[in-house]
Amino acid sequence: MKKFLVLIFLSAHTLYALHPEDPGIAVIRINQLGYTPESIKVAVFGAKKDLKIDSFTLHDATSGNEVFASENPVPKGAYGPFTSTYRLPFSDYDVPGEYYVQAKGVRSPAFWIAPDVYDHTADFLLEYMRQQRCGYNPYLTATCHLDDGYILYNPDKEGQRTDVTGGWHDASDYLQYTATSANAVFQLLLAYRDNPEAFGDAYKANGLPGPNGIPDIIDEAKWGMDWLKKMNPSATEYYNQIADDRDHAGYRLPNKDSVVYDPERKGRPVYLASGEKQGAVKYKNRSTGAASTAGKYASAFALGATVLKDFYPEYSEDLPQRAKNAYSYGKQHPGVSQTAPGRAPYFYEEENWVDDMELAASSLYRLTKNPKYKDQALRYASEEKTTPWIGRDTVLHYQYYPFLNAGHYELASALKADERSDVATYYDMGLQMLHTRGKDNPFYMGIPFVWCSNNFVTAAVTQSRLYHRLTDDKTYLEMEAALRDWLFGCNIWGTSMIVGLPEDGDYPMDPHSSLWLLEQYQTDGGLVDGPVYGSIANSLIGVELHDEDEYAEFQSDLVVYQDDIGSYSTNEPTMDGTASLVYYLSSLEGESRAKGHQKHAYTYDKTGAIVRGNTSRKIIHLMFSGDEYADGADEILNILHKHNIKASFFLTGNFYRNRQFAAFIERAKELGHYLGAHSDKHLLYNDWTEQKKLLVNQGEFKADVNANYVEMEKFGIQKEDAPYFLPPYEWNNDIITQWADQMGLQLINFTPGTLSHADYTTPDMENYRSTDAIFESILSQEKKENLNGFLLLSHLGTPPARTDKFYSRLDELISTLQGEGYRFGTLNEVLDLKG
């Protein structure tokens, strides 16, 4: 739950006496991300009293005017903590805007109807994937687990070292599993193959900020593929796992992992996939073969051979043969290779493997066109038509994994006519079971509330999406919409299940994560495990809440979700669940684009700083920085006030401390300008070489920035109200950008193309630019291209040696550009990507 929105959401969600017929505690839940105009739209009303609702209304969020009314709420009876519930459908209303739903005096939070509500969401989930990287972790800008690892359960190489550093940590612990990682690689590649335009380029291959000409999802998929190659050193070696539950030794950062598995060997144990029952300490798994693991390798390699070839042709040359070898190995070793436990009896209890071999055969058929793979895939598909968890009330932990059988889609989409229809029918069978289980409750929830229930929801909505893509059958679209909405707040607790999404909504704020507990590094983009049956929540060992349960009034014997770092069963983000959701969100972006929507994106420089906003509109933003000089401050404020323009002022701690500038700061704040940070001491963070070598360490950087905000707080400017950071001298590298991100700050810089930032230069400088030259450069850029979304930077003052002050031409510049049709917007307006 987003803590600083508690009061807002209590007033928006909970009603105590706002209506003459007091309904007690009652709420209306909605999808906080919003709804596309053409989507199915249903809110859910829940009350702890027995209430009858005959109607509901939809209102414009700004004016409060009623825009839609319905006398057809659908009663659904008691569910969870609610005595009475209703589904409130308003799909017929499709006018873009911001709205709220009201019934019985209860008002929902505001939400958007717009074609862009899912834009950039798939890319956002990749933030968590980068944070989970092992080896070099770009989020922490540090390395970890470089000594992995030593081999177990391979009699020919027992105890030998093999280099398997890389990949992703599985969740908030640091174990690594081929099952989840290979599935993640496949899901990421599939998302790009089917929905390539959903993905942008803001990060390098090593995960640090800054575009590299390759979509970020490809960078991430290749990171996982690099690791899979390491874990498959030969045609007869398919390693299944790194580390075991000895990892569970308390909260710590991955680069400070102090667990020693064997004092005689470096690194962590690496387990071979085999039919041998494994477990290095007390407990053993129930492995029977290797097909479950080999099949996952094969499908990831086969899809990678197609998708990665366009970006890394030489790198991809061995992937087809690797895929064939892995598939052959799986056929020779049928059965499951479960993960290995250690001191506790908990492990991924995967029992099915036919689905993995079906996906492998289907992927190889698509890759090679060899009919033998098609025939074998059809046979495997017929042996497991529906994923066995569907229709069950309970399942063991990861008993049937992956939760989505993507093999049916890969196979059916490569077939024709009757064969295609037959395989698609298998999806229909499973969706019908989910429909039957969920149709009588208000949230259409047919998913079992077992550990990682959100992963099951993700699998269900993706299966529905793939089925609709194969058949155009609309039977399950309402259920799909309900399950999608569940993930984004239309659930019992009114919270999104993805950390940080939407930014202004209610989402998990206290995830079960060492990064969050120890450093307050948020796990943005991570899909948390999700709610569990009350019986599970009440029986788990070691669940101790760190804070009072803010959702206490919505817990029940049926199901429990707790936004608390101690709730490892409901509030731990998982890598594979997050990766799997990427496909679905990217497909929603693709759906909007197919209907004519054009997505907008930022422009980044090589360091990952935002240097330009929405280019679809003729809006410019004026930025000013200040440290030592402010001779133009009052004149600039007067000119801005004259034109009713809101600018931003990025000021150093030196500036905020200087008492002679206090009146300017107070007036700028009173006039509604953005006041931000520009470093405390105006330190040079990087040298002036092309390599931009760091001149400060992370501790020094943090101390400097925090000191800047301390001075800002003296003027009532809180860090959360000023999240954009302009580096001193407008000079930084990707490490500085990432360190700023760790602090919850977005680094920005001026838009290149003009000389406005050179207004500080003096005639004795080699790079001196006169005011006339600066002015002309701006007009020239406008004629050559345009200034849409420009962040136009100049300075509040200059050294006395500069007598031709650029700010003396500011009034003229504003009038000239206004004459060309430009509007001067706020920083938030220019950085708003809504069209």
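No value in this document is a laboratory result; all are computed from the given coordinates. No experiment lies behind these values; they were computed from the predicted model shown. All Cβ positions, glycine included, derive from the backbone under ideal geometry; neighbour counts span all protein chains shown.
Applying 1/(1 + (r/R0)^6) with R0 = 41 Å to the Cβ-Cβ distance of ASN706 and LEU540 gives a FRET efficiency near 0.60.
Its relative contact order, with pairs defined as Cα atoms under 8 Å and 6+ residues apart, puts the stretch 637-788 at 18 percent. For the stretch 121-593, relative contact order (Cα pairs under 8 Å, six or more residues apart, normalised by length) works out to 16 percent. With contacts taken as Cα pairs under 8 Å at a separation of at least 6 residues, the chain carries a relative contact order of 11 percent. Between helix 633-642 and the chain there is an angle of about 80 degrees, using the helix long axis and the longest principal axis of the Cα atoms. Taking amide hydrogens as placed 1.01 Å from N in the peptide plane, the amide H of LYS681 sits under 5 Å from those of GLY653, each at least 5 positions away in sequence or on another chain. Rounded, prolate or oblate: which fits the stretch 629-743 when a ≥ b ≥ c are the square roots of the eigenvalues of the alpha-carbon gyration tensor, with rounded for a/c under 1.5 and prolate only if a/b beats b/c? Prolate.
For the pair the stretch 376-439 and the stretch 477-527, the centres of their Cα atoms are 27 angstrom apart. A value for mean projected area of the Cα convex hull in nm² was derived from the coordinates, and within the list [x] 31.7; [y] 56.2; [z] 36.1 it appears as [z].
Report the net charge of residues surrounding ASP216, where surrounding means a beta-carbon distance below 10 angstrom and charges are Lys +1, Arg +1, Asp -1, Glu -1. With Lys, Arg at +1 and Asp, Glu at -1, the neighbours total -3.
Placing pseudo-labels 7 Å out from each Cα toward the beta carbon at ARG252 and VAL67 gives an inter-label distance of 5.4 nm. In order along the stretch 196-208, the phi-based Karplus estimate (6.51 cos²θ - 1.76 cosθ + 1.60, θ = phi - 60°) of 3J(HN,Hα) comes to x, 6, 7, 10, x, 9, 10, 9, 7, 4, 7, x, 7 Hz; Gly and Pro are listed as x. What shape does the stretch 603-830 take by its C-alpha gyration tensor, where a ≥ b ≥ c are the square roots of the eigenvalues and a/c under 1.5 counts as rounded, a/b above b/c as prolate, and the rest as oblate? Here the stretch 603-830 falls in the rounded category. Mind checking the angle between helix 810-819 and the chain's longest principal axis? C-alpha axes, 0 to 90 degrees, to the nearest 10. Long axis of 810-819 versus the principal axis of the chain: about 60 degrees. 3J(HN,Hα) couplings calculated from phi for the stretch 544-557 with the Karplus curve 6.51 cos²θ - 1.76 cosθ + 1.60 (θ = phi - 60°) are, in sequence order, 10, 5, 7, 9, 4, 6, 6, 9, 3, 6, 10, 7, 8, 5 Hz; Gly and Pro show x. 3J(HN,Hα) couplings calculated from phi for the stretch 100-112 with the Karplus curve 6.51 cos²θ - 1.76 cosθ + 1.60 (θ = phi - 60°) are, in sequence order, 9, 9, 9, 7, 6, x, 9, 10, 7, x, 6, 8, 9 Hz; Gly and Pro show x. Each Lys or Arg adds one and each Asp or Glu takes one away; over the other residues whose Cβ falls under 13 Å from the Cβ of ASN828, this sums to -3. The amide H of TYR35, built 1.01 Å from its N in the peptide plane, has TRP112, ILE113, ALA114 as neighbours under 5 Å, considering only residues 5 or more places off or on other chains. Here the chain carries DSSP beta bridges of which approximately 65% are antiparallel, counting only pairs with both residues inside.
Hey, which of these cross-link pairs are over 27 Å Cα-Cα: LYS599/LYS783; LYS256/LYS606; LYS222/LYS784? Going by Cα-Cα distance, LYS256/LYS606; LYS222/LYS784 fall outside the 27 Å limit. For TYR604, the residues 5 or more places off, or on other chains, whose built amide H falls under 5 Å of its own are VAL611. Could you tell me whether the stretch 121-593 comes out rounded, prolate or oblate from its Cα gyration tensor? Rule is a ≥ b ≥ c as square roots of the eigenvalues, rounded for a/c under 1.5, then prolate if a/b exceeds b/c, otherwise oblate. Rounded shape, in that the Cα axes give a/c under 1.5. For THR293, the shell of other residues with beta-carbons less than 10 Å away shows a net charge of -1, using +1 for Lys and Arg and -1 for Asp and Glu.
Among TYR174, TYR346, the order by Cβ neighbours within 10 angstrom, fewest to most, reads TYR346, TYR174. In this label model, GLU690 and VAL74 are separated by 6.3 nm, measuring between points 7 Å along each Cα→Cβ vector.
Here the residues VAL582, VAL543, VAL106, ranked from fewest to most Cβ neighbours within 10 Å of their Cβ, fall in the order VAL543, VAL106, VAL582. For the chain, find the longest principal axis of its Cα atoms and tell me its angle to the long axis of helix 771-784, 0 to 90°, nearest 10. On a 0 to 90 degree scale, this one is about 40. Calculated FRET efficiency, GLU776 to LYS595, Cβ-Cβ distance, R0 = 56 Å: about 0.85 to the nearest 0.05.
At full extension, GLU237 and LYS157 could sit 27.8 nm farther apart than now, given 0.36 nm per residue minus the alpha carbon distance. Extending 7 Å from the Cα toward the beta-carbon at both ASN212 and LYS385 defines two label points whose distance is 4.6 nm.
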